[in-house]
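The next block holds one structure in the form of structure tokens; read it before the comments.
The values are calculated or read from the model by the stated rules, or taken from the named source; none is laboratory data. On a predicted model such as this, the values are computed, not experimentally measured, just so you know. Glycine gets a Cβ as well: all are built from the backbone with ideal geometry, and neighbour counts include every protein chain shown.
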Amino acid sequence: MSIRINLLAEAQAAEESRRKNPVKLAIWVASFAVTLVLLYTLKLQLDIMFNKQKYNSIEQAWKENNDKYKEVTNNIAKTSEMDRKLAALDELSTNRFYWGPVLNALQQTMIKDIQIIKMTGEQKYIKLDAKTTGVGASKVTVPGGVIEKDSLYIDAKDYDPNAQNYDKFKETLSNFPFFAKLLGPRNAFVLDGTLSTPTVDATDPSKQFVVFKLASHFTEVKRE
């Protein structure tokens, strides 16, 4: 019968004990956990860096679009203001007072022994500021505008003052449809001042005339 003696048994036992040492195992586990944390932290840093680059790109695009938006809104505001001015000019050109029809009407209202010396047209514009009335829900703002006042003055000679042709001429003008429409029901041509003294006509001493002046004030018109 043979006897085996393991001379390395003590060394092997010590090695086995070291391998089963819980402290060493904990160190390995901790090292692995730290490695995982470091890797996750690195991943987070990379994600932050990429997302920051994406954010900067989006922010730059937003700024560019915002600048374009401001430019577009400014152009829209300028266009609206231009349209408003063009509309005002168009309204003024279509609704303004024309003196041509007045001259045409005068041609159709002349009567015998009346000679016009001078015709004066007068236009006045009075600016009106916007007004606000009421408070709260009943608050109303009345826009401003311009009041246009048109007047016509006619200096003329009457070569038959005894027949009072100046008065007939005044009535003819006041009742003529064109002037009646512009003057309104309350306005008419009136004698402005008094008749002059009879004067001998220098071109025909057999004739005398008096000078008179007629005035008319057309209905006021408000321009927005």
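Quick notes on this structure:
- Meeting the requirement of 1 or more residues that are free of Cβ contacts under 8 Å to residues at least 40 places away in the same chain, the strands (runs of 3 or more DSSP E) wholly within region 102-195 are 114-128, 131-133, 140-142.
- Per-region count, region 67-110, residues more than 23 Å from the chain's Cα centre (by Cα) and modelled with pLDDT of 85 or more: 11
- Residue, modelled with the lowest pLDDT, within region 140-177, restricted to residues that are of a type in the set (D, E, K, R) and within 16 Å of GLN208 (Cα to Cα): ASP160
- If you go through region 117-139 and keep only what is at pLDDT below 85 and among the charged types (D, E, K, R), you end up with ASP129, LYS131, LYS139.
- Scanning region 189-210 for residues being of a type in the set (S, T, N, Q) and surrounded by 13 or more Cβ atoms within 10 Å (Cβ to Cβ) gives a total of 2.
- Per this entry, ILE147 is not counted among residues that are β-branched (Val, Ile, Thr) and either in contact with a Pro (Cβ under 6 Å, 6 or more places away or on another chain) or farther than 20 Å from LYS181 by Cα (or both).
- Flag if GLN164 is surrounded by 10 or more Cβ atoms within 10 Å (Cβ to Cβ) and on the phi > 0 side of the Ramachandran plot: yes
Quick grid of which residues meet (1) under 30 Å from GLY145 (Cβ atoms); (2) of a type in the set (D, E, K, R); (3) modelled with pLDDT under 85; (4) surrounded by 10 or more Cβ atoms within 10 Å (Cβ to Cβ):
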| residue | (1), (2), (3), (4) |
| --- | --- |
| LEU25 | no, no, yes, yes |
| ALA33 | no, no, yes, yes |
| TYR40 | no, no, no, yes |
| GLN60 | no, no, no, yes |
| LYS63 | no, yes, no, yes |
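- Among the residues of region 208-224, those that are at pLDDT below 90 and more than 20 Å from PRO101 (Cβ to Cβ) comprise LYS222, GLU224.
- Test for THR132: is it of a type in the set (Ser, Thr, Tyr) and in contact with a helix residue (DSSP H, G or I) (Cβ under 8 Å, 6 or more places away or on another chain): no
- Check on LYS213, exposed (fewer than 12 other Cβ atoms within 10 Å of the Cβ), in contact (Cβ under 8 Å) with a residue 24 or more places away in the chain, of a type in the set (Lys, Arg) and outside any helix (DSSP H, G or I): no
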